[in-house]
Each structure stands twice: as structure tokens, then as C-alpha cells.
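*Asks:* Have a look at the structure that comes next, please.
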Amino acid sequence: MTSGNDTTELRLDKDDAVNKKLKYPKRIFLIIGNEFCERFSYYGMRTVLILYFRNFLELGDDNSTSLYHAFAMLSYFTPLLGGIISDSYWGKYKTIVVLSLVYIAGHALKTVAAIPFIPSRGVHIAFSVLGLMMIALGTGGIKPCVSSLGGDQFHPSQVIYRNQFFSMFYFTINCGALLAKIIMPMIRADLRCYPGYTGPTFEECYSVAFGIPGVLMIIATVTIVAGSPFYTKLKPSGSVFMRFCKCIVSACRNRWNTKPSERNKDHWIDYADSPPRMKRDTKYVLAVLMIFSPLPIFWTLFDQQGSRWTLQALQMDRQWGGYLVKPEQMDTVNPLLILTLIPLFEVTLYPLLRRNGISFTPIKRMTAGLILAGVAFLVTAIVQFQIDKNLTPQPKANEFAVRIVNTAPCELSLTSARPEFDGITLPELQTSNTAAKFIDATKQSSFEVSYTSQCMFVAKGIQINPVPGKIMDVVITQNYSQIKHFPATKQHEGEYTELSLINTGNEDLTVIFHNTNMTFSVPANKVTSGVRLPLGNQPYAVYNDNTLVSLSNEEIRLQIGGLYSLYLVHDGEKYNDLQEEYVNHFTVNVAWMLPQYLILTVGEVFLSITGLEFAYSQAPPSMRSVVTSFWLLTVSLGNVIVVIVAQMKTIERRAHEFILFAMLIFVASGIFMVLGKRFTPVDEKEFENDNEDDIGTEKLIGETTTRV
């Protein structure tokens, strides 16, 4: 009598012998190449998407986050459609080719939408939305088909080769994602697409950042088509998902039509008009779906790496050694850690736990993954609290503020009916602390601030006319006149920052910055704003009619995120200056984000990989495609939750929002633990003798990738 273990060993030996006789199907390398290009295309576009919404379309943080996650939601919902089309009508290969063409068309629209010469903002938005919908249909529609088409190329006995293919497939996905997340932010931020043009929409190269992924998708399509004569193409045999749905619908209908006194079946699915095996398989799938029900919360947190975490990186000091990290490049930490942690856990953590008799079941692993995601967001909130400490407050749309700068030769005394300015004493070369004292513009009409000093013969007044959403600078010059201007408040996120030059004297001045050889003329009693300079120490000299009037070692330190004013005070005899950082630079280094990435990625390894294995082992062979579709659907639902929270706009501080998400996933963890204790694992031996012909479905080759 042969034991179960002996049978397994004999089967593996037989498979190994068959592997040696049958050649490795080299056509699968075309499928691998297609997947690499497609994943580069998808992640390359998606990596810069949140900043495109925020910076190019100027939709704001919350609306940008909502659109980003709405796109992600659609991308993980459409695999259901792709699976149904593939199984019922076109087959895998035709589905991949047709939807890849839709994918390419979406990239084309997205690229056109990012060209700044199009004058209509409505056209930009319309083309963007339509393009993203087509990309979501393309990437989601082919998602359940590519890996399965690769699996179909192997003989049923080539188990070892097939496992090697899926490992290679997984590695390819992560390589494509990693390279895209490194390269495309550099294209977006560093490539100068429009030399000679100035303005916010010309500063970043989104058109090329979207165009290159489109080209990669064309290459992906050509690659998959090149192997068409050589592929093993299984004919569509009908959608298992549709039969699954019909089983549930008929069960509900028949049970509803059965009198309560006659409802004597053990399970409500037993009322379905389906074969016995279909009923049994549907029960098992529903049990797995019940376990899946809390998991969308995990993806709610996980997918914010590309949205809220990218926006958090924008508010941080991204100088790392001599390199300025692009905010979206922080997302490369996740695939790097994935490629490191998976083999590390397989050879260290899991064997160590088994050796010590510690049971780390799939349910426990997934629970740990949920909890770790919550911990990661608590760490994210702590980092955000530190960031917020140094952020310069900005007025809301209905508020304004006024800051008074004294460059006169004497101390000023301010009086006003507004308490914010009344009784202020302002020494020479000092700025009032009123920039953060916001006034409601809807309740305050124009008002006056008077100022006097011992050097003045009569008092003078400043007439303030509210400008909602702005902070006004009023500069009192050496002859007690006034220069009013509105300094920029939008912080630069790249290697440059912005400076305003204010000449408070009666003579024209010229400022030369030595490191850049940039020269700026500043007329008397005027402001030259929007001066862009590289970060770092910038030495400069001030000239009056070719005569040096400043010290030779004058310099101003420009740091990432800061906005600056340089007040030039020259009365014909002496020179002085006042340097002001009116919008604070970023002080928290981006390296402080690494712990939250590490914790969340460990949670992903515990939950995502284990979840796929769990779904595969607990689902009947005939229904594994259905379970895979619902697994992807949990990702889609998770993104819906982010959209809802972002659009509620009831949480003002981002750190509090992170805490809310952490609390949600801790609740989900508790629910998952309760469901896990009640779950009864199936005996996989029950499926060994199944003959699937009676339900008319082909066996699905299970997908083993985590980054889908």
C-alpha cells in the first residue's frame, strides 16, 4: 500500500521526467516581455498621476486624491469584465489584443490632455477622464488573461516549468513597476519639454511622462501579437462567474418562492437550479468571500502610497545625500522591500517559526498584515504631526491677512480699529507677526492702519482693501511711502525656489547672483517677484548704476519648500538688506517615511501573498477564477472608501485622517479574527477526483503574483 507522501513523491518524479522530455515553451518569453512593458506602462503613468491632478489640472489635494483612487477602483473592477469576455466570447488571446488597443488609445488621449498649449481647461479634464477610463478598461480587462495565457502554454505535466514561469512572471511585474517608479518622476520633473515657455503648466513635463508609457504599451501589444502563430489558445467555454451568479440568483428566487413551512434544506444555496457540484463549489466560494469582507480596508490604506503618502512627501525635505528625491519616487521603496522581504521570510522567518512549533496559519498571517497596516498609518500620522509643526498657515478662500514690513530708518508705532494691528511697535528692519492672523473677508470691508515714528512729522495711514485668499505685504520704505504686493504662496517642490526682490529706495538697483550669473533689475520702489533660483546658498551683489553698494560676501540660503523676500534698502549713502522666509521651508527629512513603508510592506507580504494562496487552496478548481476576480474586487472597494473619506472633507488635518484609517483597519482586524475562528478550511482532497466536464469549465491556472 502506498502512502499519500509516497504518492506525491512518485508524482513529482514522473512530472520531472516529463519536464525533461518536453521542451520549455520559449514563446512564453513573449508573454513575459508583454507583462514587463504593460506593467511599466501602467505604473509609469499612475506614478505621476496624483501630481498631474494637483499641479497641472490644479484640482487640489482632496479632489486629486479622489480622482486617483477612482481610477484605481475602476482598474481593479474591470478584471471582472475581462474575465467574462475572455471565458464566454473571445478567449484569452483576443481579449488581450483588443483591450490592449483600447489601452493604447487611452494613453494617447492622456498624453494629449497633458499638452499645455491646449487653451481649454475643460478639454484637459475631459480628455484626461476619458483616457483614464480607457486605460482602466484596458489594464483591468487584460489582467486576468495574460498570466493564464502563459500558463496555458505548458503541458499539464510540466508542473515545475509552470511554477518557474509564475515566479518569473511575478519578478517581471515588480521589475516593471520599480523601473517605472524610478524613471518617470525624473522625466516629469527634470525634462524641459518647453524651452522658452514660462508658467506653472510648462514647468513639469507630463506629456512625455504619459507618452512614454503609451509607447511601452504599443511595444507590449506588438510583442504579444508576434507570438500569435505559436500560442496554445484554448477556446472559450463559458464564464464560470456567470454560472456562479446564476446559481446564487436561482437559489434566492427559489427560496423566496418556497413557503416558510417548507424550507427544509440545510443551506439556502441548495435551492438553486444548478448541478450538485456547482452548488457545493458556490458554498465554498461564499465562505471564502465572507473571510474577504474586511480586506478592502487593507487596500484602502495600501493604495494611499501613491496618493496621500506622495502628497506627504511633497511637504518634506527630500535632500538625500546630494540627490533631491522626487516625491513619487518614495513609492519605489515598496517594490524594493517586496523583492527583499519575500525570499528573506521564506528562508528565515517561516522556517524559524516552524522549527519552534509556532503556528503561523494563513488566518494569523493575514490578521498580522491588517494590524501592521494600521500601525504603519499611526506612524504616518506621527510624521505628519511633525511636518505640521513648521508649515506656514495659509488663509482659506474667504480669509485674508496683512503683514507690515518696516524698512524705514526709525521704529514705527501702529494703530488701527482692527485689534490685530493696534498697539504694535515695529523696529527698523522688522516684520509684523500678523501674517497668520486671518480676517474673514465676508465680514470686514476696507480699513486703515496708521503708523507714526519719532522721525516723521505727521502720521500716515495704510488703506487695506481685503483680497480673499491672499496675504498682503505692505512695505514701509525709507521715505515712509508704501509698497504693496502679494507674494507667492505656492511652494516649489523641485530643485528651485522663488524669491521676491523689493527695492525700497529711490534709485534703480541691479542684483547679480554669482552662482547662476543671473541678473535682475529692480526699479526704485518696485517689486520684482517670481525670481526662480536653485536651492542652496546663493551669494549675490547689489549694484547702483554699475557701482557696488553691497558687501562682497552677501548671500541668502534657499531651502526646499521655502519662499523668500529680499528687501533692498539703499538711501544713496549706505546699503542694508532684510531677508525674510515668508513661507517656511520643509524641515522633516523624507527618510522618516521609511519606517511606515517598511511596516506596511511587511503587512503586504503577510496579507497579500498569503491571501492569494488561501484563496487558491480554499476555492474549488472550477471556481478559482471567480475567487481571483473577487480578490481583485477587494482592491477596487478599498479605493472607493478613500474616495468617500476624501470627498467628505470633514477632517481638516491630514494627520487626523491617517489616525481614522488606522482605527478603521483595527476594527477590520477584529472582525477578521472573529470570522477566521468560525471558518472551517476545506479538505483539498475532496477536489482531487472532480470531473469538471459536467459544469463545462476549463481549469484555471492560478495566478501567484502579489503586485497585480
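*Asks:* Can you tally the net charge around Trp256? Count Lys and Arg as +1, Asp and Glu as -1, for every other residue whose Cβ sits under 15 Å from the Cβ of Trp256.
*Replies:* +2
*Asks:* Using Cα-Cα distances under 8 Å and only pairs 6 or more residues apart, what relative contact order does the range 224-347 have, in percent?
*Replies:* 15 percent
*Asks:* Over the range 452-507, what number does the Rg to Rh ratio reach, with both radii from the alpha-carbon atoms and Rh per Kirkwood?
*Replies:* 1.07
*Asks:* Summarise the long-distance tail of P(r) for the range 86-145 by giving the % of C-alpha pairs beyond 12 Å.
*Replies:* Of all Cα-Cα pairs in the range 86-145, 64 percent lie more than 12 Å apart.
*Asks:* For each pair in Lys23/Lys92; Lys437/Lys526; Lys94/Lys235, compute the distance between the two Cα atoms and list the pairs where it is over 20 Å.
*Replies:* Flagged as over cut-off: Lys23/Lys92; Lys437/Lys526.
*Asks:* Output wanted: per-residue J couplings in Hz (rounded whole) for the range 546-559, from phi through Karplus 6.51 cos²θ - 1.76 cosθ + 1.60, θ = phi - 60°, x for Gly and Pro.
*Replies:* Computed from phi, the couplings for the range 546-559 are 6, 9, 5, 10, 9, 5, 6, 10, 5, 7, 10, 9, 10, 10 Hz.
*Asks:* How large is the Kirkwood hydrodynamic radius of the range 483-540, counting all unique pairs of alpha carbons, in Å?
*Replies:* With all distinct Cα pairs of the range 483-540 included, I get 12.3 Å.
*Asks:* Enumerate the helices in the chain for which the Kyte-Doolittle hydropathy averages 0.0 or more and the C-alpha atoms extend at least 30 Å along the helix's axis, using complete DSSP H runs.
*Replies:* 60-85, 91-113, 121-152, 159-190, 206-226, 362-390, 624-648, 654-678
*Asks:* Using Cα pairs closer than 8 Å and at least 6 residues apart in sequence, work out the relative contact order for the range 202-297, in percent.
*Replies:* In percent, rounded to a whole number, it is 21.
*Asks:* While we're here: Two decimals is fine: what is log10 I(q)/I(0) at q = 0.13 Å⁻¹ for the range 139-240, from a Debye sum with one equal scatterer on every Cα and no solvent?
*Replies:* -0.67
*Asks:* Mind giving me the FRET efficiency for Leu101 and Leu378? R0 is 30 Å, r the Cβ-Cβ distance, nearest 0.05 is fine.
*Replies:* 0.10
*Asks:* Going through the range 408-473, which chymotrypsin sites (Phe, Trp or Tyr not before Pro) have at most 10 other Cβ atoms within 10 Å and a DSSP loop state?
*Replies:* Phe457
*Asks:* Can you list the equivalent-ellipsoid semi-axes of the range 287-383, largest first and in whole Å, using the square root of 5 times each Cα gyration tensor eigenvalue?
*Replies:* Semi-axis lengths for the range 287-383 are 30, 19, 11 Å.
*Asks:* Please give the calculated 222 nm ellipticity per residue for the chain, where each DSSP H segment of at least 4 residues contributes -39500 (n - 2.57) and the sum is spread over every residue; nearest 500 deg cm²/dmol?
*Replies:* Dividing the helical sum by the residues of the chain leaves -16500 deg cm²/dmol.
*Asks:* Can you tell me, using C-alpha contacts under 8 Å and at least 6 residues apart, the relative contact order of the chain as a whole percent?
*Replies:* 18 percent
*Asks:* Please identify the GluC sites (Glu not before Pro) of the range 517-602 that satisfy two criteria: DSSP loop assignment and at most 13 other Cβ atoms within 10 Å. Which are they?
*Replies:* Glu573
*Asks:* Per residue, how much space in cubic angstrom lies within the convex hull of the C-alpha atoms of the range 533-688?
*Replies:* In the range 533-688, the Cα convex hull volume per residue is 195 Å³.
*Asks:* Roughly how far apart, in whole Å, are the Cα centres of the range 572-615 and the range 33-54?
*Replies:* 21 Å
*Asks:* Need the full-extension length gain, Val123 to Asn465, defined as separation in residues times 0.36 nm minus the C-alpha distance. One decimal, nm.
*Replies:* 119.6 nm
*Asks:* Follow-up question, since we're still on this one. So if each residue of separation counts as 0.36 nm, and I subtract the Cα-Cα distance between Asn546 and Val215, what length gain in nm does that give?
*Replies:* Once the chain is fully extended between Asn546 and Val215, it gains 113.8 nm.
*Asks:* Tell me, Kirkwood radius of the range 284-334 from alpha-carbon pair distances, in Å?
*Replies:* So the Kirkwood estimate lands at 13.2 Å.
*Asks:* Please work out the ratio of the alpha-carbon Rg of the range 221-318 to 2.2 N^0.38 Å and round it to two decimals.
*Replies:* 1.83
*Asks:* Kindly point out, ordered by number, any Cys in the chain whose beta-carbon has no other cysteine beta-carbon under 4.7 Å away.
*Replies:* Cysteines lacking a close Cβ partner in the chain: Cys37, Cys145, Cys175, Cys245, Cys247, Cys252.
*Asks:* Counting every Cα pair in the range 31-105, what percent are over 17 Å apart?
*Replies:* Distances greater than 17 Å cover 56 percent of the Cα pairs.
*Asks:* Pick the calculated Rg and Dmax of the Cα atoms in Å for this structure from [x] 31.8, 116; [y] 26.3, 81; [z] 28.7, 114?
*Replies:* Among [x] 31.8, 116; [y] 26.3, 81; [z] 28.7, 114, the one derived from this structure is [x].
*Asks:* Count neighbours as other Cβ atoms within 10 Å of each site's Cβ, and list the trypsin sites (Lys or Arg not before Pro) in the range 573-673 that are DSSP loop with at most 15 such neighbours.
*Replies:* Lys574, Lys649, Arg653
*Asks:* Another one. Once you have the alpha carbon radius of gyration of the range 601-660, what is it after dividing by 2.2 N^0.38 Å, with N set to its residue count?
*Replies:* Expressed relative to 2.2 N^0.38 Å, the Cα Rg reads 1.53.
*Asks:* In nm, to one decimal, how far is the modelled label at Ile671 from the one at Lys259, with both set 7 Å along Cα→Cβ?
*Replies:* 3.8 nm
We did not get these values from a lab; they are worked out from the coordinates using the rules stated. Treat the numbers as computed from the prediction; the structure is a model and nothing was measured. Virtual Cβ from ideal backbone geometry, glycine too; neighbours counted across all protein chains shown.
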